1. Mind listing P(r) for the stretch B:1-88? All alpha-carbon pairs, 10 Å bins, whole percents.
2. Under 20 °C and 1.002 mPa s, how fast does the stretch B:12-62 diffuse according to Stokes-Einstein, given a Kirkwood radius computed over C-alpha pairs? Answer in µm²/s, whole number.
3. Please report, largest first and rounded to whole Å, the three semi-axes of the ellipsoid equivalent to the protein assembly as shown, where each semi-axis is the square root of five times an eigenvalue of the C-alpha gyration tensor.
4. Quick check of the Kirkwood formula: for the stretch A:11-82, what is the inverse mean of 1/r over all pairs of different Cα atoms, in Å?
5. Could you give the size of the charge dipole of chain A about its Cα centre, using +1 on the Cβ of each K and R and -1 on the Cβ of each D and E, expressed in debye and rounded to the nearest 20?
6. Could you tell me how many degrees, from 0 to 90 and to the nearest 10, lie between the Cα long axis of helix A:73-93 and the main elongation axis, the longest principal axis, of the Cα atoms of chain A?
7. So, in the stretch A:4-483, how many Lys pairs have Cα atoms under 25 Å apart, if the pair is 8 or more places apart or on different chains?
8. Taking both sides together, what accessible area is buried at the A/B interface, probe 1.4 Å, expressed in Å² and rounded to the nearest 100?
Amino acid sequence: MMTRTELTLLVPEIIVVAVAAAILLVSVVSKRDNRWLTLMLGIAGALAAGAFSLQYLDIDPTPIFSGQLTIDRFTVFLRLVFLLVAVATLVLTVDQLERIPFAEFAATVLFSTVGMMLLAGATDLIMIFIAVELMAIPVYVLTAFTRFRRISTEAAIKYFTLGAFATAVLAYGMAWTYGLTGQTGLKAIAESLPAIVDAPDIEVLLALGLVLVGMAFKVAVVPFHVWSPDAYDGAPTPVSAFMSVGPKIGAMAMLVRMVGMAFEPVSANIQVLLYVLAAASIIGGNIWAVQQTNIKRMLAYSSIAHSGYMLAGIAAATVAGTGDRPFYTLLYYGVAYALMNIGAFAVVFVMERRTDSVEISAFRGLAQTSWMPAVMMTIFMLSLLGMPPLAGFFGKLFIIQALVGADLGWLAVVLVVGSVVSAYYYLRVVVYMFMRNPEEGADAAPFRISDSMASVIFAAGIGSLAVGIFSNWLFEIARDSVLLASF
Amino acid sequence: MTDQIVAFTYLSIVASVAGLATILVRSPVHSALSLVVVVFHVAGMFVLLGNGFLAAVQVIVYAGAIVVLFLFTMMLLDLRRHETERTVHRRQIWLAIPIAVLLFAEVAWIAISKPEISENLKGAFPPQTIDELGGSAQALATVMFTDYLLPFEVASVLLLAAAIGAMVLARNPDEESLASPPDMIEDAAGTDGSSDQPEGELSETPATHG
């Protein structure tokens, strides 16, 4: 039965839903798209929800609503990450994309954020399913928000169709899991699985495999990635930033709960599948990224490679005797990835507004005209590549340590080789910015970037540096988040 | 018992034939009407299984709402033009048939060779528990409003988000430019004059570099 304590623990999500509804109401009452008011409401809501979450940072794992959600530090940590991602997306869009209705945009972003926040804590198949949908459906809509561009509509249709297909596969896998165990709670599933499984049983493999394939679609892992370059390319760039980070980390969090809680007794059965998916993503993502001339598509393939790195972390967790270490390296990696990827897309957005082009060649000689975005883009590219002392370096380092600790040296080698290949396409952007002259006839005058865009870029850049330099500090928080969690 | 077998035989034969008709008939309207027949007969099977509530939901939601929605969509989109769709989707058949066979084999395999799985499917609500609670509707309500209260509530947020998304996507673009601030109307008028379909990248502001 519902109690006051349970409701109190759910306050952050309630606040975000209420703010989304308030934004919609205000836009109806004021008749006019008052963008700054909407933004202020959104930020205030995110701050309040974040402050409420922080109060429960040291909470013992508390299952609420009959175990539908578990509030632990893992949940709190990820809630904060998702709120940050949402705020960055709203700030990036507020004075851009004049033709879209911003109130609806903000509300849709916030609804998706609620889905992610719930997904971070969901410990029941039903809750997980609803949260995944609440996370995904608004993102399909966001992709189509600039539907006066044909490419945007096309991207949304592709994303929606494949996303719905993935949902069906996921639901099918969940149905198998329920059919085998008669349980929907992750803990209860873990308790009843050993009684059913004696060997690598084909039913368990099928249930796990279908759930994994469904999630592989959502996080865009090779070979389930085909939608993602088109979706990232066609979506408005702030939305590309949002969907390359939020749903990806959300789905990874769900996978951590599934592998760490429900399927722990049988996780050895899916090891091989995880290895193959991770290695294929790292190799495929990096090789395809090299061939791109459109920077949004390049970042899409790069984020496929990063999904592979994160999946390698989850694969390490399935090896017996590794403990929880791989999980907290993943949390650290999630924060690092969020900062550098949002930053990179923000700079791409600036260039798109400036030159109407998302080709990498548009970055030629950027350092000569405007040094600020060039320097910031360099930070993001080097961080994505994994240069010390930036966030991306420590993210990869921690995952490699976890892989070596799990006796998966070969996967660590794949990861390193993949990173070496990625140097080509990340550094190409830097070379274009600093060592090439602007194209003939291009506007060479320095240009002003709007304050809101600049603040997102600066915050992400400083964040990428700080998370790298103070990596121990964040790593310890991430470690405690996992150690205090319920798996 | 024999009554039940007779009823089940009738329901399953008609449901199967109507199901085949749904995918084989040429006209989409006939296809949708066959689907109504399928839905009604599946509802009858739920009654046979002693679950009147699911039968009612099946009729109200599927026959009442979803098929009517299908028919409305067909009417509004005038789908008669697309009656030759099957020739367009010829290649999918080679993928669809093996998958259908595979799924059927899977269900048959579970039903025949793995009785212990079907036992598990009864879960926390075997028939006697449902009887104690006073029927399937009560049992469903008890679960939905206690253990699964949160997903039930979150589903309403999901529906709200989807409704808003549908409205944003379905709204007439001209209304959007009217709803935006006055200075934007001028811009929109400017681009509307130059081209009917502004498909270029972010072409809401006229490109005036250099």
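1. Bin by bin from 0 Å, the calculated values are 18, 40, 27, 12, 2.
2. Numbers: Rh = 11.0 Å.
Answer, rounded: 194 µm²/s.
3. In descending order the semi-axes read 42, 32, 25 Å.
4. 13.4
5. On the way: 26 positive and 30 negative charges, 205 e Å.
Using Cβ point charges on Lys, Arg, Asp and Glu, chain A gives about 980 debye.
6. So the inclination is approximately 20 degrees.
7. Counting lysine pairs in the stretch A:4-483 gives 11.
8. Numbers: alone 18120 and 16450 Å², together 30220 Å².
Buried area (both sides, nearest 100 Å²): 4400 Å².
The values are calculated or read from the model by the stated rules, or taken from the named source; none is laboratory data. Worth saying up front: this structure is predicted, and the values here are computed from it rather than measured. Positions of Cβ are backbone-derived with ideal geometry, glycine not excepted, and every protein chain shown enters the neighbour counts. Each accessible area value is taken on the protein alone, full model and side chains, heavy atoms only, with ligands, DNA and RNA left out. Shrake-Rupley method; radii C 1.70, N 1.55, O 1.52, S 1.80 Å.
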